[in-house]
1. List, in order, the whole-Hz ³J(HN,Hα) value for each residue of segment 62-74 obtained from phi through the Karplus relation with A = 6.51, B = -1.76, C = 1.60 and θ = phi - 60°; use x for Gly and Pro.
2. Debye sum, Cα scatterers, segment 221-265, no solvent: what log₁₀ I/I(0) at q = 0.16, 0.34 1/Å?
3. Could you calculate the contour length gain from Arg278 to Glu82, that is, 0.36 nm times the residue separation minus the distance between their Cα atoms, to one decimal place in nm?
4. Based on the Cβ-Cβ distance of Glu223 and Arg170, what FRET efficiency does E = 1/(1 + (r/R0)^6) give at R0 = 30 Å, to the nearest 0.05?
5. From the phi of every residue in segment 106-112, what ³J(HN,Hα) in whole Hz does the Karplus formula 6.51 cos²θ - 1.76 cosθ + 1.60 yield, where θ is phi - 60° and glycine or proline is x?
6. Which whole-angstrom value gives the distance between the alpha carbon centres of segment 67-138 and segment 209-245?
7. On the full set of protein chains, 1.4 Å probe, figure out the accessible area of Lys109 and give it in Å² to the nearest 10.
8. Extending each Cα 7 Å along its Cβ direction at Asn292 and Asn245, get the distance between those two points in nm, one decimal.
Amino acid sequence: MGSEARKRSREKLREQREREKRAAKRNKTLLVLGGAALVVLLVVGVGYAVLTYGQGDEYDGPLATTTLQDDGSVVMADEGVEAPVVEVYADYQCPACRQFELLNGDLLKERAAEGEAIVHFRPVSIFAQQPVPISSNSLRAGAAARAAADHDLFVQYNDLLFENQPTEGREGFDVDELKGWFREAGGDDTQGAEFDERLDAEAEVVTEFTEKFLPALTQDATEQIGEETLGAMVLADLLKWGDENGHDSSFLDGTYTGEIIDATGTAYTRYSGDNAFRGTPSVYINGELLDNNSAMTARGLSEAIASAGPGEVETRPMGDGGDADNP
């Protein structure tokens, strides 16, 4: 073989080896990607199984009796039932609360209907001090849910609020929508007229609070006590400071807006230590705070309820069915 022939032969061999290297690299890449895809599928599959374990078909059976409580909360349980008390603190503008409701709402309805749980709904507003529209969305929805409870439609209305939750930071839960959802929840014409009147009044209170009163109060508090001290205060404490320093919050008295603000402050002071209320959703069984693995999975919540003994509801039923004073 001459020198030119050997040169051509070496060149062909080099080209062949380069092709083999590229093919091997390509196969390795495909193998890695395929393995990664398999892992993703397994993780997603396992995660879905964990999240949905114990969550059967949507519950469409009868609801347990609902009873409005003296603090504006609602208990769902038939009379005489002895079962674990599941307290659910939620803010209607909270995305994680919507996730909890979509995942475990039907589970709670079913457990209450079967007498296996006493479900205590405790709406709050952790966003009340945030800028508009987050604050106004949260408070307006909370007040509307409270008004629906006056007509024994809280659970149905609660579902619709979470189903139609606006994107955080965008205006939503407007008055016309809230009125329409009350009819969708089952309110008749007479109830609708009463609900509308109440909601119109509450919406004015929410606007006054979020757009005028709270900004002025916050600015004054910042100047007088400083951002650090202000940041450590819950809203109820800030309102108390304001009343003592020329910011009269009495326009909240007798309103459902004020009631939900009070309920939020009570949640922060009611618990301590490992059980401290830090945000929403917070789920307690017989006064013990569940971790997210238990609260945010159908399996975890179901097992937590099944393993708990009977509890006691710490609020009292509303004696006359309901209304706070008209604002």
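The values are calculated or read from the model by the stated rules, or taken from the named source; none is laboratory data. Only a predicted model underlies this, so the values are computations on that prediction, with no experimental measurement involved. Here the Cβ positions follow ideal geometry from the backbone for every residue, glycine too, while neighbour counts run over all protein chains shown. SASA here: full protein model, heavy atoms, side chains in, ligands and nucleic acids out. Shrake-Rupley method; radii C 1.70, N 1.55, O 1.52, S 1.80 Å.
1. Once θ is set to phi - 60°, the couplings for segment 62-74 become x, 8, 5, 4, 10, 10, 5, 9, 5, 9, x, 7, 9 Hz.
2. Treating every Cα as an identical point scatterer, log10 I(q)/I(0) equals -0.45, -1.20.
3. Length difference between fully extended and current span is 67.7 nm.
4. 0.45
5. Using θ = phi - 60°, the values come out as 5, 4, 5, 4, 5, 5, 5 Hz.
6. Going from one Cα centre to the other spans 28 Å.
7. It works out to around 20 Å².
8. Using points 7 Å along Cα→Cβ, the separation is 3.5 nm.
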